[in-house]
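The values are calculated or read from the model by the stated rules, or taken from the named source; none is laboratory data. Source: prediction; values computed, not measured. Backbone-built Cβ (ideal geometry, glycine too); neighbour counts: all protein chains shown.
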Amino acid sequence: MGDWVTQQLPALLILVPFTAAPFAYLLGAGYDRQTALLSAALTQPLAAFLALTVVQEGPVRYAIGGWGGPLGIELAADGFSATMVLVTSVVGLLVTVYGLRYFGDLERYRFFWPLWLFLWGSLNALFLSADIFNLYVCLELVSMSAVALVGLTLRREALVAAMRYMLAAILGSLFYLLGVALFYGAFGSVDMATLRETVRPDVAGQAGLALMTAGLVLKTALFPLHFWLPPAHSNAASPVSAVLSALVVKGSFFILVRLWIDVAQPEAFPGASVVLGVLGSSAIVWGSVQALRQERLKMLVAYSTVAQIGYLFLLFPLASGGGQAASDAWVGGIFHAVSHALAKSAMFLAAGIVLARFGHDRLEGLGGLSRRAPVTAMAFGLAGVTMMGLPPSGGFIAKWQLIKASIGSGQWWWAVVVVAGGLLAAAYMFRVVGPFFAREAEDLDDSDLDPGPSPVTMDGAALALALGALVLGVAGQPLIDLIMVGAPALVAGVTP
Amino acid sequence: MSWEGAALLMAVVAPFATAVGIFALGEARERARSAVNLIGAAVTVVAVLACATAAWSAEPGRHAAVGIDLLDIGFGLKADMLGALFAVVAGVLWLITTVYATGYMSHASDRARFFGFFSICVGSAIGIALSKNLLTFFVFYETLTLATYPLVVHSGTPAALRGGRTYLMYALPAGGALAAGVVWLNLLAGPVEFAAGGSLDPALAASHPTALVVIFALLMLGLGVKAALFPVHGWLPAAMVAPAPVSSLLHAVAVVKAGVFGIARVVLEVYGPLGPELGVTQLLAALAGFTIIFGSVRALAQDDLKKRLAFSTVAQLSYITLGVALASPIAIAGGLAHLAHHAAMKITMFFTAGAVAEEVKAYRVSEFDGLGRRMPLTMAAFSLAALGIVGVPPVAGFASKWLLGVGAVDAGTWWVIAVLGVSSVLNAAYFFPIIHRAWFREPKAEWAGGPPTGQPEGDLRMVVPLVVTSLLGLAMGLMAGADLSPASWASAVAGWGLPW
């Protein structure tokens, strides 16, 4: 019995949310929230179970209906997949708990629950896909549900942002699909394990990889293709913003890593990984500088996402040389994705509480927040520690690994970027956190909209996510072990 | 787990647990909060004393340790003599400061936030003291950086927010430099543990001299900000906008000495003999010598008492750095003894500044005329501490300065004697006028009759702690030769027996 469940884990992780989604829609008001909570409460332990299985027994492969490739659909979970599924389940569960109170019984938000469950299932499917065509399908499912979620509030700015997001997403998918077609034509397979052996850096290989990368970079909102992200992430309802910034951008990043580190060998495509690293560095600087100039909290947090995405792309140049440095970069990059997911969702959830209570999120009006909403302010501040990369936090472990990889591989300039990026992050975080302690809190009082105190479940969800990001910085070793399970040869490091 | 391991964990966990309890109780439940705070501080004192006992009774090089795995390096705590010295100083003074702070903050707002972050700061300082390796040290060090910020800006006034900003402008880039140095050193030399006599392989000095010098500079930049070394001392006077308990415990003891203590760890227990060989400790000593004179001269010109004390701290911290940087066990003993001696004396003076400000609203030295009549016990404690800082025997400061002087002769660095002499004259020049005003100038009319009849001279929760710390300072000097005095303890750390 136990064995059977273990084998079905990847499929169950996709099936549970996908099954719950239509139920949430059909049952409608009153039961949709319960359905979502039930699905979340089932999916989270499944994800934890999968992570445990992968750590203990190594990577898992699963053929749907018993049909293996090249005909059937296969699912695969190595450490990287299991990590992403796990972080999705943690963020997902807490966002669901938060949403119960945030959306309440409001009729106009009833589409949130089916869409969100659908998005969750699609993300799990994406992280567990074993071939690049399935990845395309999942990418589309993720994008479509994400776009719909942005437009959920039906406010004018949200709809405009959603439309812009949709155009970028469609364009990205199109590029990606063209690349997949080229690969299939040239190498005769879409299965990643097969492609790993057959892919060659010839014209078709290079063009295919370039097309897929372009599409994915657009979807991940890497500078300078980030234009769609700040309006979409800041104008969405706050739980949606949290999911988008924490998880959805990581979906396309996940595929990029699979393609570059696992399938194609970076040294076969010289220069490309450096270009990605330079764009990442530019994103760190540009996103941070823009964050410094924002007047609204959610815009600032959204630009912070633009900056933090930049760190992920340092993985490519740092891992390209192989050896111990590549292994450090692998852990650092994925650890960053995880801790950013936790901290950034905490920030958006906290911003959502501020918006709900005070009716606005103008920075100049947030004076004295640590007195008016102490737990909310604490959650935001603690998440900021991870964002700055200061210890003890997951962000620190990530940056530590990235700096180590930079110096270890002789590319010290990336270390300068990492340290400078941390200081820039501190500058924009303290722009927000500093005034929390101000005594003049009149700005907050001018609004009648303070039903305060903040709801316990909402505060609790934000604080739990922020604390999770901190705990990673102290007790992150199990996660590091998980990330290294079945790591691609390039980054598997030298085992002593 | 052995009792030593439990004590180590408890010493670090207790303050953090106290913080969680305080935050959870919130602003309204004041009595419960104070109780949690005092119990937490008392447990911490017991734990750090147990750590000190463990360190004292351990065989050389075999310290009790606990830890968890992370990043091939691991987080770990250990109970060694050097760490126990700082941990005991921070833990004991925290208990005293908690009593003082409940008096000082009795009319303030946001006390839950204040005491919560205060506990986190102390927990970080004790973590710094008991860290087993450079990574653990760094983690606690940066936690301290962040946890101090809410305390600096506590009053929430524009001036406080400005002070906080200045503090961050120094502390955060320093953290970046420290991070780079720590990572680089770990890559070059493997996991950097603290070990008496230095943990770096001597062969590295031949193979990577430039890298080692650059790493040393990065580490000193990172640690020097908290140690208030010239030219990165500027945040300390600006941070004096913080409430008095913060200035007393954090900006005279826990935070600033975390920097100095880090310098001691790096110079003595990481670089060891490589420091003089590469020529970096000589430079550090010169910088510390300059900072001593510079801080003292700047202190002369301050009328605001807390600012004067802050510049005095800048100078006094460099005594410790100087002692550590001189290649003589006697000087090292003097510097490390000063870590405890200065703590007791300077905390007394900041306590006084706060008590005087609360009781008679006097903030400037020029307002102190005849204050000895109004607050005799308070000013007596202050005067005793001031004499100690100047180096008048038998108060504690004399013992450390004397050891430093002997150490300088031992190391053959005669210029240090000149620095010590000039500095003592300057110390006298900025402290004696305060003593003179308090006791020998004609008091204001309302002070002439002494304290209000039938009432103590101030809130006893403030007066008693400052008298206790001043007596501690006196005792440390009087009994410098006793087995467990800070001076003997520091000598044992430095591997040198006291000559008396």
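Residues of region B:443-477 being farther than 15 Å from B:ALA381 by Cα, surrounded by 16 or more Cβ atoms within 10 Å (Cβ to Cβ) and out of contact with any helix residue (DSSP H, G or I) (no Cβ under 7 Å at 6 or more places or on another chain), which ones? Scanning region B:443-477 gives no hits. Condition check for A:SER406 on (1) out of contact with any Phe, Trp or Tyr (no Cβ under 8 Å at 6 or more places or on another chain); (2) touching a residue at least 60 places away in the same chain (Cβ under 8 Å); (3) farther than 19 Å from B:PRO150 by Cβ: one failure, at (1).
Taking each residue of region A:164-185 that is touching a residue at least 12 places away in the same chain (Cβ under 8 Å) and looking for partners that are surrounded by fewer than 19 Cβ atoms within 10 Å (Cβ to Cβ) with beta-carbon atoms closer than 6 Å, six or more apart or interchain, yields A:SER173/A:GLU140; A:PHE175/A:ALA214; A:VAL180/A:PHE133; A:LEU182/A:ALA204; A:LEU182/A:ALA207. Contact map, region B:22-39: first residue within 14 Å of another protein chain (Cβ to nearest Cβ), second residue among the aromatic types (Phe, Trp, Tyr), Cβ cut-off under 6 Å, separation 6 or more or different chains; pairs are B:ILE22/B:PHE115.
Being on the phi > 0 side of the Ramachandran plot and not aliphatic (A, V, I, L, M) is the filter; apply it to region B:69-90 and report the residue that is surrounded by the most Cβ atoms within 10 Å (Cβ to Cβ).
Applying the first criterion (on the phi > 0 side of the Ramachandran plot) to region B:69-90 yields B:71-72, B:74.
Still in the running and not aliphatic (A, V, I, L, M): B:72, B:74.
Numbers: B:ASP72: 14, B:GLY74: 16.
That would be B:GLY74.
Quick test for you: out of B:SER106, B:SER124, B:SER155, B:SER131, pick the one residue that is over 20 Å from B:PRO465 (Cβ atoms) and modelled with pLDDT under 90. Testing whether each residue is over 20 Å from B:PRO465 (Cβ atoms) and modelled with pLDDT under 90 leaves just B:SER155. Here is the figure for region A:366-416: residues that are polar (S, T, N, Q), over 17 Å from A:VAL471 (Cβ atoms) and more than 8 Å from chain B (Cβ to nearest Cβ) total 4.
Of all residues assigned to region B:431-440, none qualifies as being of a type outside the set (A, V, I, L, M), in a helix (DSSP H, G or I), buried (at least 24 other Cβ atoms within 10 Å of the Cβ) and in contact with a Phe, Trp or Tyr (Cβ under 8 Å, 6 or more places away or on another chain).
Please determine whether any residue of region A:337-351 is crowded, with 24+ Cβ neighbours inside 10 Å, over 29 Å from A:GLN477 (Cα atoms), more than 14 Å from chain B (Cβ to nearest Cβ) and touching a residue at least 40 places away in the same chain (Cβ under 8 Å). Checked against the condition, which is being crowded, with 24+ Cβ neighbours inside 10 Å, over 29 Å from A:GLN477 (Cα atoms), more than 14 Å from chain B (Cβ to nearest Cβ) and touching a residue at least 40 places away in the same chain (Cβ under 8 Å), region A:337-351 yields at least one hit. Keeping to region B:155-172, report how many residues are under 17 Å from B:PHE137 (Cα atoms) and facing chain A (nearest Cβ under 7 Å). Residues in region B:155-172 being under 17 Å from B:PHE137 (Cα atoms) and facing chain A (nearest Cβ under 7 Å): 1 in total.
Report those helices (runs of 4 or more DSSP H) wholly inside region B:1-116 carrying at least 3 residues which are in contact with a Cys (Cβ under 9 Å, 6 or more places away or on another chain).
Details: elements: B:3-25, B:30-57, B:81-104.
The helices (runs of 4 or more DSSP H) meeting that bar are B:3-25, B:81-104.
Scanning region B:452-480 for residues that are at pLDDT below 85 and under 22 Å from the mean Cα position of the chain (by Cα) returns a single hit, B:ALA480. Restrict the check to region B:41-49 and report whether at least one residue is touching a Lys or Arg at 6+ places or on another chain (Cβ under 9 Å), at negative phi and either surrounded by 22 or more Cβ atoms within 10 Å (Cβ to Cβ) or of a type outside the set (Asp, Glu) (or both). No, region B:41-49 contains no residue that is touching a Lys or Arg at 6+ places or on another chain (Cβ under 9 Å), at negative phi and either surrounded by 22 or more Cβ atoms within 10 Å (Cβ to Cβ) or of a type outside the set (Asp, Glu) (or both). Residue selection: B:VAL122 satisfies the criterion of being away from chain A (no Cβ under 12 Å) and within 20 Å of the chain's Cα centre (by Cα).
Could you pull out the residue among A:SER234, A:SER241 that is part of a helix (DSSP H, G or I), buried (at least 18 other Cβ atoms within 10 Å of the Cβ) and touching a strand residue (DSSP E or B) at 6+ places or on another chain (Cβ under 8 Å)?
Details: A:SER241 fails: touching a strand residue (DSSP E or B) at 6+ places or on another chain (Cβ under 8 Å).
Result of the check over A:SER234, A:SER241: A:SER234.
List every residue pair whose Cβ atoms sit under 9 Å apart, with the two residues 6 or more apart in sequence or on different chains, where the first one lies in region A:21-36 and is among the β-branched types (Val, Ile, Thr) and the second, anywhere, is surrounded by 22 or more Cβ atoms within 10 Å (Cβ to Cβ). From residues that are among the β-branched types (Val, Ile, Thr), the pairs are A:THR35/A:ALA20; A:THR35/A:ALA21; A:THR35/A:ALA24; A:THR35/A:TRP113; A:THR35/A:PRO114; A:THR35/A:LEU117. Filtering region A:196-209 for residues that are farther than 22 Å from A:PRO224 by Cα and touching a Pro at 6+ places or on another chain (Cβ under 7 Å) leaves an empty set.
So which of B:VAL280, B:VAL324, B:VAL360 ends up being of a type in the set (A, V, I, L, M, F, W, C), within 26 Å of B:PRO209 (Cβ to Cβ) and surrounded by fewer than 24 Cβ atoms within 10 Å (Cβ to Cβ)? Reasoning before the result, please.
On the way: B:VAL324 fails: surrounded by fewer than 24 Cβ atoms within 10 Å (Cβ to Cβ); B:VAL360 fails: within 26 Å of B:PRO209 (Cβ to Cβ).
One residue alone meets the criteria, B:VAL280.
Given the options A:ARG200, A:ARG196, name the one that is of a type in the set (D, E, K, R), in contact with a helix residue (DSSP H, G or I) (Cβ under 9 Å, 6 or more places away or on another chain) and not in a loop (DSSP other than H, G, I, E, B).
Details: A:ARG200 fails: not in a loop (DSSP other than H, G, I, E, B).
Result: A:ARG196 is the single residue among A:ARG200, A:ARG196 that is of a type in the set (D, E, K, R), in contact with a helix residue (DSSP H, G or I) (Cβ under 9 Å, 6 or more places away or on another chain) and not in a loop (DSSP other than H, G, I, E, B).
Just one of (1) touching a residue at least 60 places away in the same chain (Cβ under 8 Å); (2) touching a Ser or Thr at 6+ places or on another chain (Cβ under 8 Å); (3) surrounded by 24 or more Cβ atoms within 10 Å (Cβ to Cβ); (4) within 26 Å of A:GLY460 (Cβ to Cβ) fails for A:ILE334. It is (4). Filtered by the rule that a residue be surrounded by fewer than 21 Cβ atoms within 10 Å (Cβ to Cβ), within 14 Å of chain A (Cβ to nearest Cβ) and over 23 Å from the mean Cα position of the chain (by Cα), region B:193-224 gives B:HIS208, B:THR210, B:ALA211, B:VAL214. Annotation: of all residues in region B:128-151 being over 18 Å from A:PHE436 (Cβ atoms) and facing chain A (nearest Cβ under 10 Å), the one that is farthest from the chain's Cα centre (by Cα) is B:LEU135.
Give the residues of region B:389-422 that are out of contact with any Pro (no Cβ under 9 Å at 6 or more places or on another chain) and either of a type in the set (S, T, N, Q) or under 15 Å from B:SER488 (Cα atoms) (or both), sorted by residue number.
From region B:389-422, those out of contact with any Pro (no Cβ under 9 Å at 6 or more places or on another chain) are B:389-395, B:397-398, B:401, B:403-405, B:408-409, B:411-422; that's our starting set.
Correct list: B:GLY397, B:PHE398, B:LYS401, B:LEU403, B:LEU404, B:THR413.
Can you spot a residue in region A:72-79 that is among the aliphatic types (A, V, I, L, M), assigned to a strand (DSSP E or B) and either in contact with a Phe, Trp or Tyr (Cβ under 6 Å, 6 or more places away or on another chain) or closer than 29 Å to A:SER454 by Cβ (or both)? Yes. Just so you know, in region A:435-472 the residues that are within 11 Å of chain B (Cβ to nearest Cβ) and farther than 30 Å from A:VAL97 by Cβ include one that is modelled with the lowest pLDDT, and it is A:GLU440.
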